[in-house]
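No lab work stands behind these numbers, since they all come straight from the coordinates. Just so it is clear, the model here is predicted, and its values are computed rather than measured. Cβ coordinates were reconstructed from backbone atoms using ideal geometry, including for glycine residues, and neighbour counts include every protein chain displayed.
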């Protein structure tokens, strides 16, 4: 370790060389290399955390650049993981960087998380948060939570030294209609940076054993007035008794009908003509990139444009990530019960990752 590199933090009497040694020995897993995950990774890497694991399988999109500031225009279309590892390596060659080229799912969560001391949740969906929580309870690992919505955010630390878990705050996975759609509800670019840095700070405090960790405390941030509010919440002891992962972590009503992977969809496009493809993204998203011959009917307009769909032919529903197309599938099943519909899993994000 180059002691001069970290001198500005080791001269702090509350931190010092011993805390720096703890950082060097620490192994931190960051789930997601997006708006939250990137500032977390940049600062933990810069501050000397010895091992950083990154779970990510998305690609860089032009719409990411306003908040995912580690990436630049030359990275658009690249795998986020590869671009991230390259830039972090250039930032600090002393860090052991471990890339997990996958999404965190039930079948790999325990294996991946078991190799780390702390998990930082930098995801944008509820099922993965509950999966992280349950895996961390089983493995007795603390995890640092951050969530965004518009100008607002939440930060907390769960499962720290026997403290409350995520399920103590949010006992059950919300239903599909209770979840805001991140593709339709935006976020101001700077807010993820603020929240990611707060998550990194909590991780540093846990590792170095300094300050007051946000265990049993939900920190609420409002960017419009720069206010912070702390809300205390108690441990529900039975939430520490998780022994196995659930069979699935999907939101209620997530599986609406037939599904097709992005890879299978691409093969079908290559082998067949005249597929009926309905792209339910906004016209702006569609104009940026779309599958040839796909008809654009934004989800918000779908109910009033059913006459444009051939009820007697199979319908392949497509959006950016696969979520809005699931909602569209439910709508079509209710309105056109005899119509056969397929949801393209992972949407354009996954399709572009495979076929770009």
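A few remarks follow.
- The selection criterion, being within 20 Å of residue 83 (Cα to Cα), surrounded by fewer than 15 Cβ atoms within 10 Å (Cβ to Cβ) and out of contact with any strand residue (DSSP E or B) (no Cβ under 9 Å at 6 or more places or on another chain), does not hold for residue 7.
- Scanning segment 10-42 for residues that are surrounded by fewer than 19 Cβ atoms within 10 Å (Cβ to Cβ) and within 15 Å of residue 92 (Cα to Cα) turns up just one, 24.
Yes/no per residue for (1) surrounded by 15 or more Cβ atoms within 10 Å (Cβ to Cβ); (2) more than 30 Å from residue 140 (Cβ to Cβ); (3) in contact (Cβ under 8 Å) with a residue 40 or more places away in the chain:
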| position | (1), (2), (3) |
| --- | --- |
| 244 | no, no, yes |
| 259 | yes, yes, yes |
| 262 | yes, yes, yes |
| 270 | no, yes, no |
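- Filtered residues of segment 87-107 (kept if surrounded by 14 or more Cβ atoms within 10 Å (Cβ to Cβ), in contact with a strand residue (DSSP E or B) (Cβ under 7 Å, 6 or more places away or on another chain) and not in a loop (DSSP other than H, G, I, E, B)): 88, 97, 98, 99, 100
- Candidate set from segment 217-242 (those that are free of Cβ contacts under 8 Å to residues at least 24 places away in the same chain and over 30 Å from residue 190 (Cβ atoms)); member that is surrounded by the fewest Cβ atoms within 10 Å (Cβ to Cβ): 241
- Just one of the numbered conditions (1) free of Cβ contacts under 8 Å to residues at least 24 places away in the same chain; (2) surrounded by fewer than 18 Cβ atoms within 10 Å (Cβ to Cβ); (3) assigned to a helix (DSSP H, G or I) is not true of residue 110: (1).
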